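Please read the structure below before turning to the comments.
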Amino acid sequence: MNKKMHAFFSLFFIFAPLVPLLAQNCPSCFNGSRISTFIQKHNIPETDHFSRIIDPNGFEEFYLGTDYAEPYIATNPLDPFNSVCLFMNSVYVTTDGCNWKKTGTATVDPFVCFDAAGIVYITKINGSNLTLVKSTNKGLNWLGPTTIYTGSPDKWSIIADKTSGPYSNTLYAIWQEWQTTTRLLRISRSTNGGINWNTPVKVNTGNQAYCPWIALGPNGSIDGGSVYYAFNTYDSNSDTIRVVVRRSTNSGISFLPEYIADSFKHPGELCNNQQQKIKNCIDVNACVQIAADNSNGPARGNVYLVYTANPVGTDKADIMFTRSTNFGVNWSPSLKLNDDNTTADQWLPSISVDVSGKIYCTWYDSRFDPQNLQTKLYGTISTDGGNTFIPNEPVSLTSFNPNNIANIFDGYMGDYNGISPIGNSSLAAWTDGRYNNFGSFSAYYPDFAMLTQPEQSVLSPNDSILLKVKIPGVKGPYNDKIKFSIRLDTLPQSGNIEYSFIGPDSITTIPDSVYIKVKTTNVNNPRTHRIIVRGESIGNRVPVHERTFTMQVVIGINMISSQVPAHYVLSQNYPNPFNPSTNINFSLPEAGNVKLIVYNIEGKLVEELVNSFIGAGTYSVSFNGTDLPSGVYFYRLECAAYTENRKMVLVK
């Protein structure tokens with residue numbers, strides 16, 4: 001039994017009398033321990049298997065791997081292509097904006113941030129120690145750990161001051177902690193890159209507080225001069241949740257009085273004698289997220305909150321938004337962000353504000369399913385300080401049924417998702433059960449779609465093909481220009497492969513296309529080559545996408561059609577009988593290793609026409625029998641899932 005498990009069971013026996021109260025009012029308070037328990041109990045392996053999921057319209061998601069929920073994501077302020085995304089158990093990094101790899105491990109309640117110098121920090125639990133690791137090379141390698149706090153922390157997070165103000169690069173760590181019957185909310189800070197941390201400061205004044213979240217904002221003209229600490233409170237004899245905000249103007253040393261931003265009925269309903277449940281006993285909580293406007297625009301200094309609430313009526317879970325224009329003292333009436341007119345579930349919101357003051361929000365949403373089961377990640381954006389939001393739309397491409405993964409962790413899907421603004425876009429991160437596991441996903445929002453036509457082809461040693469790179473549409477308010485670049489993955493062993501744009505290498509309106517000519521010259525070594533086409537937003541570099549054109553350079557084979565056929569087919573040669581040459585056509589519904597051979601009536605090999613990896617499509621191969629006697633011959637197509645023989649007659 002590891003230290004965290006031992007600590008969990010020790011706390012369980014101490015606090016056993018409080019469990020009914022927790023189940024009613026705070027079902028997620030022990031989620032860190034719950035998830036550790038289930039991971040060990042079920043021995044579910046995490047995996048990293050990055051792939052791009054591209055729908056028929058050209059929109060893309062990044063499938064990072066399989067983990068255990070609670071993603072958080074941050075982007076390097078000095079490099080828009082460098083983001084770090086954490087899920088329970090895994091750390092994923094991209095340094096080019098569209099290719100991800102796993103570079104480390106994470107623990108429960110994973111959290112990540114960058115400072116103004118581009119150093120990235122991650123909080124991790126190690127026994128009873130809340131620790132910090134950091135990377136000075138964009139998340140590729142990790143240093144540490146150093147200890148932030150020793151005790152019984154839970155639901156920790158971290159943030160760095162990325163401004164040029166007096167507290168630049170100061171790190172703030174927050175967490176909640178049980179002490180007998182009291183739950184404490186704490187904050188600590190470091191001014192030397194996480195090496196040393198000050199004595200933690202208690203933030204809450206009552207006993208029943210949970211789900212802390214932190215944000216940094218300006219204090220008038222002082223960048224980073226306001227530290228906001230938001231959390232939930234409740235009464236033991238009531239199902240009313242309150243959102244409380246405290247502000248510090250001295251870098252977290254002390255805090256101004258508590259202000260109640262909103263109060264509401266906790267989301268969800270009773271399921272198997274447990275409160276705060278939706279669907280088939282899926283956990284839903286009221287945990288708050290807070291963000292602040294650090295821009296120099298008209299909404300500078302605004303503070304925003306999002307959370308899930310149970311509205312009046314038959315609806316059980318909606319996404320609520322409120323804002324303050326006077327440093328958290330007064331708050332606007334709550335606004336329902338999900339703009340549907342259904343009673344479907346919406347839950348687990350995230351919020352972030354970019355350097356221009358644009359607000360990004362995402363959440364889980366089931367509005368499109370009359371049965372209130374299938375779920376997607378939805379999003380919305382505000383460009384006017386939260387006065388209005390654009391119509392909601394899906395961020396994820398494929399729906400999933402949360403009930404299919406409910407049994408893995410007793411209905412638990414985490415306490416948060418993440419979103420990181422970058423330029424005029426953002427990277428959203430979420431957990432997705434489309435493959436009946438805790439899939440780890442990310443995607444740009446807003447975004448553009450991108451397709452290459454064709455996606456693959458067969459070229460002869462001296463050949464050429466024209467590629468069309470199409471931008472057919474956008475998701476969200478994307479209005480930037482797109483510039484394209486080309487690269488070849490491997491050089492041929494002999495000859496040359498040339499590629500160039502025919503016309504412009506960028507587009508200014510959508511939909512539109514660019515064209516690329518690929519030419520082979522004396523490429524006499526059969527092999528597969530890949531042309532990678534990269535499309536970047538001109539103004540902010542992101543979103544960015546890559547598409548691959550795969551070409552097989554083969555000798556004596558020609559592609560008739562790149563359209564993917566429904567079945568394997570080996571056609572009868574034509575002409576037949578023939579003298580001295582004939583054509584053999586075959587169709588492949590999927591890419592794979594292909595062998596096409598000719599043998600005589602005695603079964604002896606006459607000629608191997610094809611032996612290479614070939615993409616899906618329809619092909620033609622010429623067979624010349626000049627040096628062969630008249631007679632009956634056979635040809636055979638061999639693939640991994642298909643073998644077929646046919647007869648042909650050579651007549652001289």
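The values are calculated or read from the model by the stated rules, or taken from the named source; none is laboratory data. A quick note: this is a predicted structure, and the numbers were derived from the prediction, not measured. Counting neighbours? That spans all protein chains shown, and the Cβs are built from the backbone with ideal geometry, glycine included. These accessible areas exclude ligands, DNA and RNA; they are computed on the full protein's heavy atoms, side chains included. Shrake-Rupley method; radii C 1.70, N 1.55, O 1.52, S 1.80 Å.
Restricting attention to the stretch 78-99 and to residues that are open to solvent by 10 Å² or more (accessible area, probe 1.4 Å) and in contact with a Ser or Thr (Cβ under 7 Å, 6 or more places away or on another chain), the residue that is farthest from TYR444 (Cα to Cα) turns out to be ASN89.
Quick one: would you say ASN645 is within 25 Å of ARG530 (Cβ to Cβ) and exposed (fewer than 14 other Cβ atoms within 10 Å of the Cβ)? Considered against the rule, which asks whether it is within 25 Å of ARG530 (Cβ to Cβ) and exposed (fewer than 14 other Cβ atoms within 10 Å of the Cβ), ASN645 comes out as no.
Here's the yes/no breakdown for (1) within 30 Å of THR94 (Cα to Cα); (2) more than 36 Å from the chain's Cα centre (by Cα); (3) not in a strand (DSSP E or B):
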| site | (1), (2), (3) |
| --- | --- |
| THR509 | yes, no, yes |
| VAL518 | yes, no, no |
| GLU546 | yes, no, no |
| THR582 | no, yes, no |
| LEU596 | no, yes, no |
| GLU608 | no, yes, no |
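The set of residues in the stretch 230-271 being among the aliphatic types (A, V, I, L, M), under 20 Å from LEU184 (Cβ atoms) and surrounded by 22 or more Cβ atoms within 10 Å (Cβ to Cβ) consists of ALA230, ILE241, VAL243, VAL244, VAL245.
Of the candidates ILE195, ILE214, the single residue that is surrounded by 14 or more Cβ atoms within 10 Å (Cβ to Cβ) and either under 13 Å from VAL303 (Cβ atoms) or under 33 Å from the mean Cα position of the chain (by Cα) (or both) is ILE214. Considering only residues that are assigned to a strand (DSSP E or B), acidic (Asp, Glu) and either at pLDDT below 95 or open to solvent by 40 Å² or more (accessible area, probe 1.4 Å) (or both), which ones fall in the stretch 363-399? The answer is GLU393, and nothing else.
Taking the stretch 177-201 as the range and being among the charged types (D, E, K, R) and assigned to a loop (DSSP other than H, G, I, E, B) as the test, no residue passes.
Determine if the stretch 291-303 includes at least one residue that is in contact with a Gly (Cβ under 7 Å, 6 or more places away or on another chain), modelled with pLDDT of 95 or more and at positive phi. Yes, the stretch 291-303 contains a residue that is in contact with a Gly (Cβ under 7 Å, 6 or more places away or on another chain), modelled with pLDDT of 95 or more and at positive phi.
Scoring LYS316 on the criteria (1) outside any strand (DSSP E or B); (2) surrounded by fewer than 22 Cβ atoms within 10 Å (Cβ to Cβ) leaves a single failure, condition (2).
The residue that is surrounded by the most Cβ atoms within 10 Å (Cβ to Cβ), among those in the stretch 447-472 that are modelled with pLDDT of 95 or more and over 13 Å from HIS545 (Cβ atoms), is LEU467. One residue stands out among those in the stretch 152-176 that are part of a strand (DSSP E or B) and open to solvent by 10 Å² or more (accessible area, probe 1.4 Å): the one that is modelled with the highest pLDDT, which is ILE159.
Test THR548 against the stated conditions and say whether it is β-branched (Val, Ile, Thr), more than 30 Å from SER83 (Cβ to Cβ) and touching a strand residue (DSSP E or B) at 6+ places or on another chain (Cβ under 9 Å). In short, no.
Scanning the stretch 202-210 turns up one or more residues that are within 31 Å of the chain's Cα centre (by Cα) and either part of a strand (DSSP E or B) or surrounded by 24 or more Cβ atoms within 10 Å (Cβ to Cβ) (or both). Of the residues making up the stretch 406-463, just one is over 28 Å from VAL542 (Cβ atoms), part of a strand (DSSP E or B) and in contact with a Lys or Arg (Cβ under 8 Å, 6 or more places away or on another chain), namely ASP463. Taken over the stretch 612-630, the criterion of being over 19 Å from HIS567 (Cα atoms) and surrounded by 14 or more Cβ atoms within 10 Å (Cβ to Cβ) is satisfied by SER612, PHE623, GLY625, LEU628. Given the conditions (1) touching an Asp or Glu at 6+ places or on another chain (Cβ under 9 Å); (2) open to solvent by 20 Å² or more (accessible area, probe 1.4 Å); (3) at pLDDT below 95, which single one is not true for GLY144? All conditions are met except number (1).
Part of a loop (DSSP other than H, G, I, E, B) and crowded, with 23+ Cβ neighbours inside 10 Å: does that describe GLY328? Here the answer is yes, as GLY328 does meet what is asked. Counting only residues that are surrounded by 13 or more Cβ atoms within 10 Å (Cβ to Cβ) and in a loop (DSSP other than H, G, I, E, B), the stretch 480-503 holds 4 of them. Between TYR149, TYR172, the distinction of being out of contact with any helix residue (DSSP H, G or I) (no Cβ under 8 Å at 6 or more places or on another chain), hydroxyl-bearing (Ser, Thr, Tyr) and touching a residue at least 60 places away in the same chain (Cβ under 8 Å) belongs to TYR172 only.
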